[in-house]
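The values are calculated or read from the model by the stated rules, or taken from the named source; none is laboratory data. In this text, all values refer to a predicted model and were calculated from it rather than measured experimentally. Backbone-built Cβ (ideal geometry, glycine too); neighbour counts: all protein chains shown. Each accessible area value is taken on the protein alone, full model and side chains, heavy atoms only, with ligands, DNA and RNA left out. Shrake-Rupley method; radii C 1.70, N 1.55, O 1.52, S 1.80 Å.
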Amino acid sequence: MTTHDGHDFELPRLPEPERMAVDDGWPEAPEPSAPAEVDAPGEPTPEWTSIPETRRVVLRVHGAEEIELGQAEGREPAVRLAREMIGAIEEAQARGEWPLVEDRFIRPGAIVSIDVQRAA
């Protein structure tokens, strides 16, 4: 019961509102799904690559001397060649030996880097 200006009266009960389906012409949004997996940055995918370029793999020693280890068509084969050479150097070091590179024994401490370069 409610009192207003000294008069008692009872407010009518309103019915519960109905839920209305609204058709606004838009399709329902799909349920969210897991995000798509994206490859980590690195090598470009094949459709982005161009004609393979000849690459040189060189061993750089102190004094800026370069010893060419070989050449390969394209970056990936050149990187494989460089990694093979790194493995051979590490194996020689593990045996306490100096690696043999192009008919030269190279002191491991003299090695600065193995580079993959575009052939000129």
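Within segment 47-80, the set of residues being assigned to a strand (DSSP E or B) and open to solvent by 60 Å² or more (accessible area, probe 1.4 Å) comprises Arg60, Glu65, Glu66, Glu68, Gln71, Glu73. Filtered by the rule that a residue be closer than 18 Å to Thr54 by Cβ, of a type outside the set (D, E, K, R), part of a strand (DSSP E or B) and out of contact with any helix residue (DSSP H, G or I) (no Cβ under 6 Å at 6 or more places or on another chain), segment 81-120 gives a lone residue, Gln117. Close Cβ contacts (under 6 Å, 6 or more residues apart or on different chains) running from residues in segment 95-120 that are closer than 13 Å to Glu65 by Cα to residues that are outside any strand (DSSP E or B) and small (Gly, Ala, Ser) comprise Ile114/Ala82.
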